[in-house]
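Down below is the structure, laid out as C-alpha cells.
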Amino acid sequence: MKKQTKAIHTRFQRQDAYESLSMPVYHTAAYEFDNADSMSDAFCGRTDSPDYSRVMNPTVTFFENKVKSLTGATEVIALSSGMAAISNTLFSVAAAGKNIVTSRHLFGNTYSLITGTLSRFGVSPRLCDLTDIRSVESAVDGDTCCIYLEIITNPQMEVADLQVLSNIAREKGIPLIADTTLIPFTEFSSHSLGVDIEIVSSTKYLSGGATSIGGLVIDYGTCPGFGKRMRTEMLLNLGAYMTPHVAYMQTIGLETLNARYHVQSANAAMLAGRLRALPAIRYVNYVGLEDNPYHALAQRQFGPTAGAMITIDLESRNACISFINNLKLIRRATNLFDNKTLAIHPASTIFGLFTDAQRRDMDVKDTTVRISVGLEDTDDLLEDIVQALGDQSCKSHH
Ligand SMILES: *Cc1c(COP(=O)(O)O)cnc(C)c1O
C-alpha cells in the first residue's frame, strides 16, 4: 500500500465489540484481567495486554502503529507534547557527565531544556555550528551522548546536512537525533539520511488543524535498547504518555495530513514569491525560494516541498509590532501549521524571556515576523499582508 492509503486504512490491533469503523476512544485508566497469571504476564511485559493507561492505551497504540507503518520505524512512542517527546528522549540517552552536541539555533524551550534544565543534572550543552563539519567534529568527544538538531531551524531556517552529521555520529557510536516537525515524515525518510531517532511535535501538521498537543518519538532501531528504555522506563517514571482523546484526534489528523500539507506548502511557496515584490519587506526567508542559501540541500533532503513556515524581515522592531497589530485576517497566535494562517513576532514572545545577548547569540532578530501559512486562498492572505504593511508605513512617517 502507498502511504496515503496506509494513513487511512491501518487496522486496529483487535476487533471492536460493535464493529466500530473508527478506532474507539478507550477512556479508561486501567484494564481488568481474568486471573493473577495473565496480570503478572502483562505487568512484566511477557504479553502486550494493556494494564494501565500511563504506559499503554489501545487508542494511543493504534495511532503509534499508523505512524510506524508510515515511517517503517521499529518503535513509535506517542507523548503528551513535542517537549515531552524531546525531554523523554534526552533523559533516555543522557546521563550526568555526558554532553549533547547541538546548535544555538533551536526551538526556544528545547534550547532552555538543554542549556538550563538538563545542565542542572550534570549534562552539558555543546553548542556548535552544525553546518560546519569541523565545528561538529571538534565539539564531539568521548562523553558525547548524541548529536541533536532541527531539520529546518525556527525561526532562522538553517538546514544542516544530515548525512554528514550521521557519518560523525556513526563513527563515534552515538545517535543522531532530529526534530523533524517542520517537514512531515510522509514527505521524506529521515532514516535513509542517517537519522537514528526522529522527534515530531504532532501538535503541528499532524493534529489536523491545531486540535491538540502531542509529540512522537520515532525510533529506527539503530540505537540499542533505546525504544525499550523509552517504554519500560521513561513512560513509567516520567509519566508523559499521550491521552486517548488526543490520539483519536491526531489519528484523524493523520488521515488528512497529506492533503493539507500539499495545499499549505504550495500556498507558502506562492506567498513567499509574491511577498518578495513588496518594498516594505527587506527579506523573505523560505528554503523553497531558489536563491535561498539552503534551497539545494533542502530539496535534496526533503524533496520538492519546503513546508509552510516563512519569515519576513521588516525595517525595524516597531514595524513588526505594528504589522502584527494591523493584521485583519491573519491571526495573532503562536503555533505552526494550523489550518488558519498565523503570525507572531518571535523575539518578543517565544524568545521574549531570553536576554538581548542570548537572542543575538541565537540569531533571533527583532526585525523578523514568522508566518505559518494555512489553507486560505493566497490572494486574501496577500491582501491582508499588504494592508497591514501599508498602514504601518504611514504611521511611521508621522
Ligand atoms: C512546537 C515545536 C516543538 C514543541 O512542541 P509542543 O508540542 O509545543 O510541545 C518542538 N520543536 C519544534 C520545531 C516545534 O515547532
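Determine the calculated [θ] at 222 nm for the chain from helices alone, applying -39500 (n - 2.57) to every DSSP H run no shorter than 4 residues and normalising by the residue count; nearest 500 deg cm²/dmol.
So the calculated ellipticity at 222 nm is -11000 deg cm²/dmol.
Among Phe351, Phe121, which comes first, second and so on when ranked by fewest other beta-carbon atoms within 10 Å?
If I rank by nearby Cβ atoms, fewest first, I get Phe121, Phe351.
Return the aspartates and glutamates within reach of Lys68: Cα separation strictly under 17 angstrom, same-chain partners fewer than 8 residues apart disregarded; answer none if there are no such residues.
Asp48, Asp179, Glu187, Asp196, Glu198, Asp219, Glu255
Taking the Cα atoms only, what angle lies between the long axis of helix 58-71 and the longest principal axis of the chain, rounded to 10 degrees?
The helix 58-71 is inclined about 60 degrees to the chain.
Can you work out ³J(HN,Hα) from phi for every residue in region 299-308, in order, using Karplus 6.51 cos²θ - 1.76 cosθ + 1.60 and θ = phi - 60°, giving whole Hz and x for Gly and Pro?
5, 5, 7, 10, x, x, 8, 10, x, 10
Placing +1 on the Cβ of each Lys and Arg and -1 on the Cβ of each Asp and Glu in region 259-397, which of Ala269, Ile350, Met309 has its Cα farthest towards the positive end of the resulting dipole?
Selected residue: Ile350.
In the structure shown, do any of Lys66/Lys98; Lys2/Lys228; Lys98/Lys365; Lys98/Lys172; Lys66/Lys228 have a Cα-Cα gap over 24 Å, and if so which?
Over 24 Å apart, Cα to Cα: Lys66/Lys98; Lys2/Lys228; Lys98/Lys365.
In the neighborhood of Asp37, defined by Cβ-to-Cβ distances under 15 Å, what is the net charge if each Lys or Arg adds +1 and each Asp or Glu adds -1?
Residues close to Asp37 contribute a combined charge of -3.
For Ala277 and Leu236, what is the calculated FRET efficiency with R₀ set at 41 Å and r taken between the beta-carbons, to the nearest 0.05?
In this case the efficiency is close to 0.15.
About the Cα centre of region 141-222, what is the dipole size in debye to 20, counting +1 per Lys and Arg Cβ and -1 per Asp and Glu Cβ, all else neutral?
200 debye
Considering only DSSP states other than H, G, I, E and B, which GluC sites (Glu not before Pro) in region 226-296 qualify as loop sites with at most 14 other Cβ atoms within 10 Å?
Loop-located and lightly packed - Glu290.
With 10 angstrom as the radius, rank Glu158, Glu19 by how many other C-beta atoms surround their C-beta, starting from the fewest.
So the ranking, lowest neighbour count to highest, is Glu19, Glu158.
Could you tell me the distance between the Cα centroids of region 123-153 and region 282-305, to the nearest Å?
Each part reduced to its Cα centre gives a spacing of 23 Å.
Which angle between 0 and 90 degrees, to the nearest 10, do you get for helix 317-326 versus the longest principal axis of the chain when only C-alpha atoms count?
Taking Cα atoms only, the helix is inclined about 80 degrees.
Placing unit charges on C-beta atoms (Lys and Arg positive, Asp and Glu negative, everything else neutral), compute the dipole magnitude of the chain about its Cα centre in debye, rounded to 20.
Using only the charged Cβ atoms, the result is roughly 280 debye.
Calculate one ³J(HN,Hα) per residue across region 197-211 by plugging θ = phi - 60° into the Karplus curve 6.51 cos²θ - 1.76 cosθ + 1.60, and present them in order as whole Hz with x for glycine and proline.
My calculation for region 197-211 gives 10, 10, 10, 10, 7, 6, 4, 7, 4, 6, 5, x, x, 6, 7 Hz in order.
Extending each Cα 7 Å along its Cβ direction at Ser189 and Arg360, get the distance between those two points in nm, one decimal.
With each label point 7 Å from Cα toward Cβ, the separation is 4.6 nm.
Once you keep just the Cα pairs under 8 angstrom separated by 6 or more residues, what percentage relative contact order results for region 28-168?
Relative contact order here is 18 percent.
Output ³J(HN,Hα) for region 172-186: one whole-Hz value per residue in order, computed from phi by the Karplus curve 6.51 cos²θ - 1.76 cosθ + 1.60 with θ = phi - 60°, and x for Gly and Pro.
Going residue by residue, I get 8, x, 10, x, 9, 10, 10, 7, 9, 3, 6, 10, x, 5, 7 Hz, with x marking Gly and Pro.
Normalised by the number of residues in region 259-397, what is the relative contact order in percent for Cα pairs under 8 Å and 6+ residues apart?
Relative contact order for region 259-397 comes out at 29 percent.
Listing Cys223, Cys44, Cys146 from the residue with the fewest other Cβ atoms within 10 Å to the one with the most, what is the order?
Neighbour counts put them in this order, fewest first: Cys44, Cys223, Cys146.
I'd like to know which of Tyr248, Val93, Val76 lies farthest towards the positive end of the charge dipole of the chain, counting +1 on Cβ of Lys and Arg and -1 on Cβ of Asp and Glu.
The listed residue farthest towards the positive side: Val93.
Please work out the Cα convex hull volume for the chain and give it in Å³ per residue.
Hull volume over Cα atoms, normalised by residue count, gives 145 Å³.
Using alpha-carbon pairs under 8 Å, 6+ residues apart, how would you state the relative contact order of region 188-335 in percent?
20 percent
Assigning unit charges at the beta carbon (Lys, Arg +1; Asp, Glu -1) and nothing else, what dipole magnitude in debye, to the nearest 20, does region 272-327 show about its Cα centre?
Once rounded to the nearest 20, the dipole reads 60 debye.
Computed on alpha carbon atoms, what radius of gyration and Dmax characterise region 282-387, expressed in Å?
In Å, with Rg to one decimal and Dmax whole: 14.3, 39.
No lab work stands behind these numbers, since they all come straight from the coordinates. This one's a predicted model, so the numbers in the text were calculated from it and none came from an experiment. FYI the Cβ positions are ideal-geometry reconstructions off the backbone, even for glycines, and counts take in every protein chain you see.
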